[in-house]
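For reference, the structure is listed below as structure tokens.
Just so it is clear, none of the values below were taken in a lab; they were calculated from the coordinates. Note that the structure is a prediction, hence the values are computed from the model and not measured. For neighbour counting, all protein chains shown are included, and Cβ atoms are generated from backbone atoms with ideal geometry for every residue, glycine included.
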Amino acid sequence: GPLSERRLMDVRLGELPAWLATCNFSPQGLLGGMQKAWSSYYDKYINVKRGGPAGITMLLAGYCILSYSWNYQHISKASFLGSV
Amino acid sequence: MNLSFFDQFASPSLMGIPLILLSLLFPALLLPTPNNRWLTNRLSTLQSWLFLLFTKQLMLPLNKNGHKWSIILTSLMTLLLMINLLGLLPYTFTPTTQLSMNMALAFPLWLATLLTGLRNQPSMSLGHLLPEGTPTPLIPALILIETTSLLIRPLALGVRLTANLTAGHLLIQLISTATIALLPIMPTVSILTMSILLLLTILEVAVAMIQAYVFVLLLSLYLQENI
């Protein structure tokens, strides 16, 4: 279909800058994008008939990695045998 | 002693933007709003079952007026439970280790129970300051003691939660530092320390859940006296 209506996973690498240009970067647009991303994740991994711990575990792992990246600057200054 | 063990409790900020708000909002992602379907996904079912069980358990001793508090108490319990449990994951930040946050939760809620009691049934609320059957000479002293214990309740609520969680996190960090430091020197002792760490982590999971429950239970008890 037309470039502006395709989802991010369907956009080819070469078309990425053009796709980014069609994006709506206003606050409503960003919020709408986040809502769409969350609901597609939720419907694919959590809101399924026989879901297991995998959906939430991926979310928690992502949260851990995000927290690590926020703390990285502080943690990287620690020597190995000292404390963080 | 390295004072930098306390660095894990510094409120995180990224280029000046406080991230504690994100740590507070993240549990909302893990609790989906139930939709109108009869058969929802497993997470929603589990969540509804837990909430109904908890609310029923909490509201049993309260009269009908107290049932107005069911939403705020259940949501408070859920928030504290999720925050405490998420704080046990590596590298995450636990907002409930901040005394400011716990006092901000404890003080207004306690004050609300106190003012509800004083407004609707003042003599009953004041009557709680003197237990039944006290010998007459002890009455003045006991009233002072009971007033002190009443006024110290919000402080106790806040500090209990803060101290339990902070102590737990500190212990985990200390013992894990010891385990890593001992590994090249005495591997056997290091493995022993690691088993202690495992037991401590199980304890911390329990403490996280129990502390959240105790906070809300005490608030409901204060409410029972006053409503």
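Kirkwood hydrodynamic radius of the stretch A:1-49, from the reciprocal of the average inverse Cα-Cα distance over all distinct pairs: 12.1 Å. What are the aspartates and glutamates whose alpha-carbon lies under 14 Å from the alpha-carbon of B:K64, with same-chain residues fewer than 8 places away excluded? Partners found: B:E225.
Bridgeable aspartates and glutamates around A:K36 (alpha carbons under 18 Å apart, same-chain partners fewer than 8 residues away excluded): A:E5, A:D10. Checking every one of the chymotrypsin sites (Phe, Trp or Tyr not before Pro) in the stretch A:13-82 against DSSP loop status and a limit of 13 other Cβ atoms within 10 Å picks out A:F25, A:F80. Normalised Debye scattering of chain A at q = 0.10, 0.11, 0.18, 0.22 Å⁻¹ gives log10 I(q)/I(0) of -0.46, -0.54, -0.97, -1.08, counting only Cα atoms as equal scatterers and leaving out solvent.
Peptide A:65-72 has a mean shielding of 5, counted as Cβ atoms of other protein chains within 10 Å of each residue's Cβ. With the Kirkwood sum run over all distinct C-alpha pairs, chain B has a hydrodynamic radius of 20.5 Å. Fraction of C-alpha pairs exceeding 17 angstrom in the stretch B:1-134: 72 percent, rounded to a whole number. Summed over qualifying helices (DSSP H, 4 residues or more, each -39500 (n - 2.57)) and divided by its residue number, chain B shows a 222 nm mean residue ellipticity of -23000 deg cm²/dmol. Largest mean-square fluctuation among B:A178, B:A163, B:A106, in a Gaussian network model of chain B whose springs join Cα atoms under 10 Å apart, belongs to B:A178. Computed over Cα pairs, the Kirkwood radius of the protein assembly as shown leads via Stokes-Einstein (1.567 mPa s, 4 °C) to a diffusion coefficient of 55 µm² per second. Straight-line reach from A:K77: taking Cα to Cα under 16 Å and skipping same-chain neighbours fewer than 8 places apart, the aspartates and glutamates in range are B:D7. I need the fraction of alpha carbon pairs in the stretch B:145-221 separated by more than 20 Å, rounded to a whole percent. The share of Cα pairs beyond 20 Å in the stretch B:145-221 comes to 49 percent.
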